[in-house]
1. Given the chain, what percent of its DSSP beta bridges are antiparallel, to the nearest 5?
2. Compute the label zone of residue 96 within segment 50-79: residues whose backbone N is under 17 Å from the point 7 Å along Cα-to-Cβ.
3. Given the options 22, 83, 111, which has the most mean-square fluctuation in a GNM of the chain, springs set between C-alpha atoms less than 10 angstrom apart?
4. Take the Cα pairs of segment 1-63, get the Kirkwood Rh, then feed it into Stokes-Einstein at 37 °C and 0.692 mPa s and tell me D in µm²/s.
5. Using the 2.2 N^0.38 Å rule of thumb for compact globular proteins, work out how the chain stacks up: its C-alpha Rg over that value, please.
6. Rounded to the nearest 500, what is the 222 nm mean residue ellipticity of the chain from helices alone, with -39500 (n - 2.57) per DSSP H run of 4+ residues and division by all residues?
């Protein structure tokens with residue numbers, strides 16, 4: 001079940017963002033509590049400004065991770081992201097949640113959504129390809145080859 005993130009989720013989000021298994025490969029890596037709180041404020045402001053944003057992923061009431069949209073700090077545009085605890089992997093949560101967030105973004109009027117994954121991060125690449133995103137470009141960051149995926153929905 002997806003729900004827009006809110007302050008009530010702060011403890012769960014801080015735990016997720018502090019977990020190297022969940023957030024180690026994300027842009028900026030593992031975060032401390034103060035950084036996670038600042039990002040929560042940014043996420044809520046993005047929801048207010050754009051009507052899209054980050055969702056929590058819960059299964060049977062238990063927090064499993066997050067997915068959703070944010071304004072990428074590197075200027076690539078609206079980015080899809082997802083992160084799950086190791087215990088939640090291999091159950092289809094990432095694909096189902098990321099697909100729902102992507103549909104939500106397009107239905108809200110976002111014509112183009114991007115996502116970035118390390119070339120060696122096959123789990124994320126499989127999820128992104130599985131929800132219909134395609135590689136459109138790449139770049140080097142911190143000694144790693146990064147692939148840019150995109151989903152484009154033409155206006156009807």
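We did not get these values from a lab; they are worked out from the coordinates using the rules stated. Just so we're clear, the structure is a prediction, and the values are computed from it rather than from any experiment. So basically every Cβ, Gly included, is an ideal-geometry build from the backbone, and we count neighbours across all protein chains shown.
1. Antiparallel bridges make up about 95 percent of those DSSP assigns within the chain.
2. Within reach of a label on residue 96, which here means backbone N under 17 Å from a point 7 Å along Cα→Cβ, segment 50-79 contributes 55-68.
3. Answer for the Gaussian network model of the chain: 111.
4. This corresponds to a translational diffusion coefficient of 271 µm²/s.
5. On the way: Rg = 14.5 Å, N = 156, 2.2 N^0.38 = 15.0 Å.
Its radius of gyration relative to the 2.2 N^0.38 Å reference: 0.97.
6. Roughly -10500 deg cm²/dmol at 222 nm, from the helical runs in the chain.
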